[in-house]
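Novice: Input: one structure, supplied below.
The values are calculated or read from the model by the stated rules, or taken from the named source; none is laboratory data. Being a predicted model, the structure only gives us computed values, none of them experimental. Counting neighbours? That spans all protein chains shown, and the Cβs are built from the backbone with ideal geometry, glycine included.
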Amino acid sequence: MEKIEQILEMGKGNREEIAKEFEEFLLGAARHAVCQVLGMEVANLCGPKYNPDGNGNRRGGSAKGQFIFRDTRVEIDRPRVRREKGGKEEEVRLRTYEAANEGGALKEAMMWAFRAGASSRDMNYVYPDTGQASKSEVSRLWQKKGAEYLEKLRSRDLSEDDFLVLMMDGIQLSKEVTAVVAMGITTDGRKIILDFQIGSTENTEVCKDLLARIRERGFDPKRRLLAVLDGGKALKKSVLANWPEAAIQRCLVHKERNVKAYLSYKHYAELSRLFKKLRKAQGPEAGREALRKLKEFVGSVNAAALESLKEAGDDLIALHLLDVPSTLNKSLLSTNPIENPFKNVRRKTDRVGRWNPKTGMASKWLASALLYAESGFHRIKNYKHLGKLADALERPVKPSSGGGVEEESLQKARLDHEALGV
């Protein structure tokens, strides 16, 4: 500190010089404080030097040691304490020394770097001066923190929010591992990751377990539910089994991608133009007209592609049939709001070569990545118009609506609902 005062008095010190001297001062103060605390613990164990009375403990000299200050390893001479046990001498562990090497701030920083994309092998390059950033240390720490992220995600109470929309989509982590992720949108436009379920495919059991868990945690819409799905039959069946009158909106991005697979490249531009017109359509009449023109074009070039459109039915215009402002179309006619977090998930998981099912590795990674993505969420565009959607979902279901579900299918959904006891 004296050197800093001298620099200031001479008027020659710049910001960098003063910062460097101040850092050295703090480092010296930290070293002095740690040594003092270690000395106090040794005195408690062994008694004062001039009158030792340590109940079998005795001073054992010193050895080279270290402690973590901020993100740096600082070398010190650590005192040693020994005692006799069972006819043999053993070293007594100093709790203050272990605490000084806990490096809580370092571990937190390592976890953020790990979640942001640095591999466990790279940690020694990220924090080279600590000596505690080995691959094995990071892996052990990740097992603990990953379990905490999973618990944090799955322990959140969902009954406190008023949900309008449920989005579900699948992400393939490997050939053998697929996750179905559920996200909710509240009446004030907030996007909340609800939960996920790991399985081999997007099968009915996986979807059923996922929905059962979010219901147990309080996901209970106060009106009809708008469910935006990627087109998987298991997703739709599971949603209707839980909420028979839900409006099912098929993701237009998935459907356009599916139809393109049947067509030659020369038809892509017109197909994209017609899908864009469908996405901008306002209300039931405009939605039906846009869908009719889309089917007319597709039917004129490829019969299989037309069958793909017919299979989806009115699920492609469920939002239009609710007669809500088209300003909501951008956010609610596709699963893009849930697809975007998947990009973050893939950035975090693309280097994982094998998912160990014994340790729940995939669940821990996914929970971490989804929470990380959620921390950057914004409200959906034009969320102030969601009141119109809430009003529309309060209206009674018409026999020909229900998200494209005909009366016979709606009745079957109700029977499935009763069979599940939900």
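Novice: Of 213, 154, 223, which residue is closer than 26 Å to residue 375 by Cβ, in the same structural domain as residue 323 (by TED's automatic domain parsing) and surrounded by fewer than 22 Cβ atoms within 10 Å (Cβ to Cβ)?
Specialist: 213
Rundown of residues vs (1) more than 29 Å from the chain's Cα centre (by Cα); (2) at pLDDT below 95, yes/no style:
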{"residue": "257", "(1), (2)": "no, yes"}
{"residue": "264", "(1), (2)": "yes, yes"}
{"residue": "283", "(1), (2)": "yes, yes"}
{"residue": "289", "(1), (2)": "yes, no"}
{"residue": "297", "(1), (2)": "yes, no"}
{"residue": "307", "(1), (2)": "yes, yes"}
{"residue": "313", "(1), (2)": "yes, yes"}
{"residue": "320", "(1), (2)": "yes, no"}
{"residue": "345", "(1), (2)": "no, yes"}
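Novice: How many residues are assigned to a strand (DSSP E or B) and touching a helix residue (DSSP H, G or I) at 6+ places or on another chain (Cβ under 9 Å) when one looks only at region 148-172?
Specialist: Summing the residues that are assigned to a strand (DSSP E or B) and touching a helix residue (DSSP H, G or I) at 6+ places or on another chain (Cβ under 9 Å) in region 148-172 gives 8.
Novice: Moving on. Identify, please: which residue in region 226-235 is touching an Asp or Glu at 6+ places or on another chain (Cβ under 8 Å) and part of a helix (DSSP H, G or I) and is, among those, surrounded by the fewest Cβ atoms within 10 Å (Cβ to Cβ)?
Specialist: Ranking the qualifying residues of region 226-235, first place goes to 234.
Novice: Just to verify a result, which residue in region 87-109, among those that are modelled with pLDDT under 75 and more than 21 Å from residue 148 (Cβ to Cβ), is surrounded by the fewest Cβ atoms within 10 Å (Cβ to Cβ)?
Specialist: 101
Novice: Kindly evaluate residue 321 against the criterion of being without any contact (Cβ under 8 Å) to a residue 24 or more places away in the chain, in contact with a Gly (Cβ under 9 Å, 6 or more places away or on another chain) and on the phi < 0 side of the Ramachandran plot.
Specialist: no
Novice: Among what's in region 307-326 and is touching a Pro at 6+ places or on another chain (Cβ under 9 Å) and not in a helix (DSSP H, G or I), pick the residue that is surrounded by the most Cβ atoms within 10 Å (Cβ to Cβ).
Specialist: If we take residues in region 307-326 being touching a Pro at 6+ places or on another chain (Cβ under 9 Å) and not in a helix (DSSP H, G or I), then 322 is surrounded by the most Cβ atoms within 10 Å (Cβ to Cβ).
Novice: Here's something else I'd like to know. Residues in region 270-279: is at least one part of a helix (DSSP H, G or I) and closer than 25 Å to residue 199 by Cβ?
Specialist: No, region 270-279 contains no residue that is part of a helix (DSSP H, G or I) and closer than 25 Å to residue 199 by Cβ.
Novice: Considering each of 241, 286, 304 in turn, give the residue that is touching a residue at least 40 places away in the same chain (Cβ under 8 Å), surrounded by fewer than 20 Cβ atoms within 10 Å (Cβ to Cβ), of a type in the set (A, V, I, L, M) and assigned by TED's automatic domain parsing to the domain that holds residue 397.
Specialist: 304
Novice: May I pose another question? Residue 198 is checked against (1) within 16 Å of residue 360 (Cα to Cα); (2) outside any strand (DSSP E or B); (3) of a type outside the set (Lys, Arg) and fails just one. What number does that condition carry?
Specialist: Answer for residue 198: the failing condition is (2).
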